[in-house]
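A.B. asks: Following this message is one structure expressed as structure tokens.
The values are calculated or read from the model by the stated rules, or taken from the named source; none is laboratory data. In this text, all values refer to a predicted model and were calculated from it rather than measured experimentally. Neighbour counts run over all protein chains shown; Cβ positions are idealised from the backbone, glycine included.
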Amino acid sequence: MNSSIKEIQDEIIDEFSILGDDKESTIFYIMELGGKLPEFPEKDRVEENIIKGCQSKVWLTTKEENDQVHFLADSNTDITKGLISLLIRVLSGRKPKEILDADLYFIDKIGMGNIIGSQRSNGLAAMIKQMKLYALAYQTKQNA
Amino acid sequence: MMSLNVEKIRAEFPVLHQEVNGKPLVYFDNAATTQKPKSVIDALGNYYKLDNSNIHRGAHTLADRATRYFEDTRTALKAFINAKEDSEIIFTKGTTESINLVASTFGRKFLKQGDEILISTMEHHANIVPWQMLCEESGAVLKVIPIDESGEIIFEEFEKLLSEKTKILAIVHASNALGTINPVKEMIQAAKKQGAKVLLDGAQSTSHLHIDVQELDCDFLCFSAHKLFGPTGLGVLYGKRELLEVMPPYQGGGEMIKEVSFDKTTYNEIPFKFEAGTPNIADVIAFKKAIEFINTLGKDAIKQHEDALLDYAVNALSEIKGFIPVGTARDKVSVVSFNINGMHPFDVGVMLDANGIAVRTGHHCTQPLMQRFGLEGTVRASFSVYNTQTEIDQMVSSVIKIAKIKNK
């Protein structure tokens, strides 16, 4: 059995707590996480996969396997890539309902707003919204 | 020339004395807005504590005092840019509104189908969009002067674009994104030969360079108080009297009228014709302290200090592997625009901020300029009179650390 959304979030909170208040090491860590995202296919780097509302470019695609939603994403900035890698770690490979019900408390707990500033926080909210929209679409299809 | 006592100057700026993310604040976002000296901050408070009153028609002592202080700033500004008379100084919300005012009044009245408006590739959006709007409405055509790789205007191309169709040349004096100082005197002369009117966007130049509107012979000059150590939300439009007089009003309301009846309204004299409604009294009064601050130091001394910082920064940054300068014009104000090989400017900006260093990142409201260089944006450090070499050392050591991530 995979870890639950809650367990993964708590794991992330633990990791970030080790970094403490040092903003620089936190940012380096986020960028490092972004570097570990799987390669994003060049053919998917197209306008319709861009998430609206992000200041930097973020591409997001999904596929469904065994009733689970899998996300793949990329960004032109390393910090944003790191942020979306956290969301993918929490939400990818879940059932649509789990994604829709997810309360993503880890974002506040790790002090993301202070780290990335208000403009990127809006971008992060746009990413979450888009991921939930995909989940809703799959759920509707599964229930059809 | 006396060199400046920077420590003493810094003591006048309360905001500089703080830590950001556990590091001493290094404020290098001066092209976006400068910090304010105590004299300006105190003047704002004192106005509300002692003098607050509506100006120009009050029959009481406070109103008279507020009016006097308000008009004193106009006189100080007249001297600051060497206008012929006080009434050529109009208060606006900022450079953007000043440009919009000219486009909506002068532009609407005098431009027609087929006329041409000339701007450059390095204009701020505020000196592009109002003209595009005017072109849509009037059928005039927008022409753009190209620039070279270093970020300088290609003068021969500019001359080729000038013709008797050119009705307005709207040109930035110093580029906010690159720092390039344009040869505006020569450009104005060339434009005048064709009978064009010239609007100078002085948002970035007024804090660094001597400006003499009579010597330059520009028809309009636009600038903002907040980039000149003054309050936000306040700007200036200088215009030659003969033009301001024939331009229709910008907005209707109080202050701008001579007489109102339901049959006909007559308009006030300049500058009041363009200052409808209760103006930004407190900020105008405080702005005078900012002008005094600059005058006391002297623009030559300010420029010398900033030039030294610019040279020092460019030399140090150029040693860093992965440093890519953007804009290497021969004549520049104290702006360093750059990228780090393999990195997005946003990421560089966030990491500098983690080290207490405030810079601007992005397209700097000059998207066509960024497109010219094939860039999404840059990191921009811009220096002011209170900055020091030690602060530049701090930035350089942070940039070294950041650049190493992708440039081993």
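A.B. asks: In the list B:Pro183, B:Pro249, which residue meets the criterion of being touching a Phe, Trp or Tyr at 6+ places or on another chain (Cβ under 8 Å) and more than 30 Å from B:Tyr386 (Cβ to Cβ)? Break it down stepwise before answering.
C.D. replies: Details: B:Pro183 fails: more than 30 Å from B:Tyr386 (Cβ to Cβ).
Of B:Pro183, B:Pro249, the one residue that is touching a Phe, Trp or Tyr at 6+ places or on another chain (Cβ under 8 Å) and more than 30 Å from B:Tyr386 (Cβ to Cβ) is B:Pro249.
A.B. asks: Another question about this same structure. Going by the conditions given, is A:Ile18 exposed (fewer than 11 other Cβ atoms within 10 Å of the Cβ) and in a helix (DSSP H, G or I)? I'd like the intermediate steps shown before the answer.
C.D. replies: Numbers: exposed (fewer than 11 other Cβ atoms within 10 Å of the Cβ): yes; in a helix (DSSP H, G or I): yes.
In short, yes.
A.B. asks: Got at least one residue in segment B:44-60 being in a helix (DSSP H, G or I), in contact (Cβ under 8 Å) with a residue 60 or more places away in the chain and polar (S, T, N, Q)? Can you show your working first?
C.D. replies: Within segment B:44-60, the subset in a helix (DSSP H, G or I) is B:44-51.
Going one step further and asking which of them are in contact (Cβ under 8 Å) with a residue 60 or more places away in the chain, we end up with B:44, B:47-48, B:51.
With the extra rule that they be polar (S, T, N, Q), the set shrinks to none.
No, there is no match, as no residue in segment B:44-60 is in a helix (DSSP H, G or I), in contact (Cβ under 8 Å) with a residue 60 or more places away in the chain and polar (S, T, N, Q).
A.B. asks: In the list B:Ile211, B:Ile188, which residue meets the criterion of being of a type in the set (Val, Ile, Thr), assigned by TED's automatic domain parsing to the domain that holds B:Gly45 and assigned to a loop (DSSP other than H, G, I, E, B)?
C.D. replies: B:Ile211
A.B. asks: Okay, next question. What's the number of the only condition in (1) assigned to a strand (DSSP E or B); (2) under 25 Å from B:Ser334 (Cβ atoms) that B:Leu142 fails to meet?
C.D. replies: Going through (1) assigned to a strand (DSSP E or B); (2) under 25 Å from B:Ser334 (Cβ atoms) one by one, B:Leu142 breaks only (2).
A.B. asks: Right, next: Yes or no: segment B:238-254 includes at least one residue that is modelled with pLDDT under 95 and touching a Pro at 6+ places or on another chain (Cβ under 7 Å).
C.D. replies: no
A.B. asks: Next up: For segment B:331-339, indicate whether the set of residues that are buried (at least 19 other Cβ atoms within 10 Å of the Cβ) and within 14 Å of another protein chain (Cβ to nearest Cβ) is non-empty.
C.D. replies: Taking segment B:331-339 first, the residues buried (at least 19 other Cβ atoms within 10 Å of the Cβ) are B:332-339.
Then drop every residue that is not within 14 Å of another protein chain (Cβ to nearest Cβ), which leaves B:339.
Yes - at least one qualifying residue is present in segment B:331-339.
A.B. asks: With the requirement that a residue be crowded, with 22+ Cβ neighbours inside 10 Å and within 19 Å of B:Gln194 (Cα to Cα), what does segment B:115-139 give you?
C.D. replies: B:Ile117, B:Leu118, B:Ile119, B:Ser120
A.B. asks: Further question on the same structure: Please count how many residues of segment B:351-361 are out of contact with any His (no Cβ under 9 Å at 6 or more places or on another chain) and either more than 9 Å from every other protein chain (Cβ to nearest Cβ) or buried (at least 23 other Cβ atoms within 10 Å of the Cβ) (or both).
C.D. replies: So in segment B:351-361, the residues out of contact with any His (no Cβ under 9 Å at 6 or more places or on another chain) come out as B:351-360.
If we keep only those that are either more than 9 Å from every other protein chain (Cβ to nearest Cβ) or buried (at least 23 other Cβ atoms within 10 Å of the Cβ) (or both) as well, we get B:351-352, B:356-360.
Matching residues across segment B:351-361 total 7.
A.B. asks: Given B:Thr105, B:Thr75, B:Thr96, which one is within 20 Å of B:Phe274 (Cβ to Cβ), among the hydroxyl-bearing types (Ser, Thr, Tyr) and either touching a Phe, Trp or Tyr at 6+ places or on another chain (Cβ under 9 Å) or not assigned by TED's automatic domain parsing to the domain that holds B:Cys222 (or both)?
C.D. replies: On the way: B:Thr75 fails: either touching a Phe, Trp or Tyr at 6+ places or on another chain (Cβ under 9 Å) or not assigned by TED's automatic domain parsing to the domain that holds B:Cys222 (or both); B:Thr96 fails: either touching a Phe, Trp or Tyr at 6+ places or on another chain (Cβ under 9 Å) or not assigned by TED's automatic domain parsing to the domain that holds B:Cys222 (or both).
So the residue among B:Thr105, B:Thr75, B:Thr96 that is within 20 Å of B:Phe274 (Cβ to Cβ), among the hydroxyl-bearing types (Ser, Thr, Tyr) and either touching a Phe, Trp or Tyr at 6+ places or on another chain (Cβ under 9 Å) or not assigned by TED's automatic domain parsing to the domain that holds B:Cys222 (or both) is B:Thr105.
A.B. asks: Still on this structure, please answer the following. Go through segment A:81-113 and count every residue that is outside any loop (DSSP other than H, G, I, E, B) and without any contact (Cβ under 8 Å) to a residue 12 or more places away in the chain.
C.D. replies: Going residue by residue through segment A:81-113, those that are outside any loop (DSSP other than H, G, I, E, B) are A:81-91, A:94, A:96-101, A:106-109, A:112-113.
Going one step further and asking which of them are without any contact (Cβ under 8 Å) to a residue 12 or more places away in the chain, we end up with A:101, A:108, A:113.
Qualifying residue count, segment A:81-113: 3.
A.B. asks: Pick from segment A:32-51 the residues that are in a helix (DSSP H, G or I) and surrounded by 14 or more Cβ atoms within 10 Å (Cβ to Cβ): which of them is farthest from the other protein chains (Cβ to nearest Cβ)? Explain how you work it out, then say what you get.
C.D. replies: To start, the set of residues in segment A:32-51 that are in a helix (DSSP H, G or I) comprises A:32-35, A:42-44, A:47-49.
After this cut, where a residue has to be surrounded by 14 or more Cβ atoms within 10 Å (Cβ to Cβ) as well, the list is A:33-34, A:44, A:49.
Values: A:Leu33: 13, A:Gly34: 10, A:Asp44: 20, A:Asn49: 18 Å.
Ranking the candidates gives A:Asp44 first.
A.B. asks: Taking B:Val348, is it in contact (Cβ under 8 Å) with a residue 24 or more places away in the chain, within 14 Å of chain A (Cβ to nearest Cβ) and either more than 24 Å from the chain's Cα centre (by Cα) or farther than 22 Å from B:Gly94 by Cβ (or both)?
C.D. replies: The answer is yes for B:Val348.
A.B. asks: If a residue must be within 10 Å of chain B (Cβ to nearest Cβ) and among the aliphatic types (A, V, I, L, M), how many such residues does segment A:94-119 contain?
C.D. replies: Taking segment A:94-119 and keeping what is within 10 Å of chain B (Cβ to nearest Cβ), we get A:114-117, A:119.
Adding the requirement that they be among the aliphatic types (A, V, I, L, M) leaves A:115-116.
Residues in segment A:94-119 being within 10 Å of chain B (Cβ to nearest Cβ) and among the aliphatic types (A, V, I, L, M): 2 in total.
A.B. asks: Limited to segment A:76-93, what total is found for residues that are among the charged types (D, E, K, R) and within 14 Å of chain B (Cβ to nearest Cβ)?
C.D. replies: Going residue by residue through segment A:76-93, those that are among the charged types (D, E, K, R) are A:78, A:81, A:89.
Narrowing the set further to residues that are within 14 Å of chain B (Cβ to nearest Cβ) leaves A:78, A:81.
Count: 2.
A.B. asks: On the given criteria, is B:Phe220 in contact with a Pro (Cβ under 7 Å, 6 or more places away or on another chain) and at pLDDT 95 or above? I'd like the intermediate steps shown before the answer.
C.D. replies: Values: in contact with a Pro (Cβ under 7 Å, 6 or more places away or on another chain): no; at pLDDT 95 or above: yes.
Against the criterion (in contact with a Pro (Cβ under 7 Å, 6 or more places away or on another chain) and at pLDDT 95 or above), B:Phe220 does not qualify.
A.B. asks: Quick one: in segment A:56-75, of everything that is loosely packed, with under 15 Cβ neighbours inside 10 Å and touching a residue at least 60 places away in the same chain (Cβ under 8 Å), which residue is nearest to the other protein chains (Cβ to nearest Cβ)?
C.D. replies: In the first step, residues of segment A:56-75 are kept if they are loosely packed, with under 15 Cβ neighbours inside 10 Å; the result is A:63-67.
Those left that are additionally touching a residue at least 60 places away in the same chain (Cβ under 8 Å): A:64, A:67.
Numbers: A:Glu64: 31, A:Asp67: 36 Å.
Among those residues, the one meeting the criterion is A:Glu64.
A.B. asks: Name the residue, out of A:Tyr29, A:Tyr138, A:Tyr134, that is within 14 Å of another protein chain (Cβ to nearest Cβ) and either assigned to a helix (DSSP H, G or I) or basic (Lys, Arg) (or both). Lay out the reasoning, then the answer.
C.D. replies: On the way: A:Tyr138 fails: within 14 Å of another protein chain (Cβ to nearest Cβ); A:Tyr134 fails: within 14 Å of another protein chain (Cβ to nearest Cβ).
Just a single option satisfies the conditions, and that option is A:Tyr29.
A.B. asks: Within segment B:362-385, how many residues turn out to be more than 18 Å from the chain's Cα centre (by Cα), buried (at least 21 other Cβ atoms within 10 Å of the Cβ) and either more than 14 Å from chain A (Cβ to nearest Cβ) or not small (Gly, Ala, Ser) (or both)?
C.D. replies: 2
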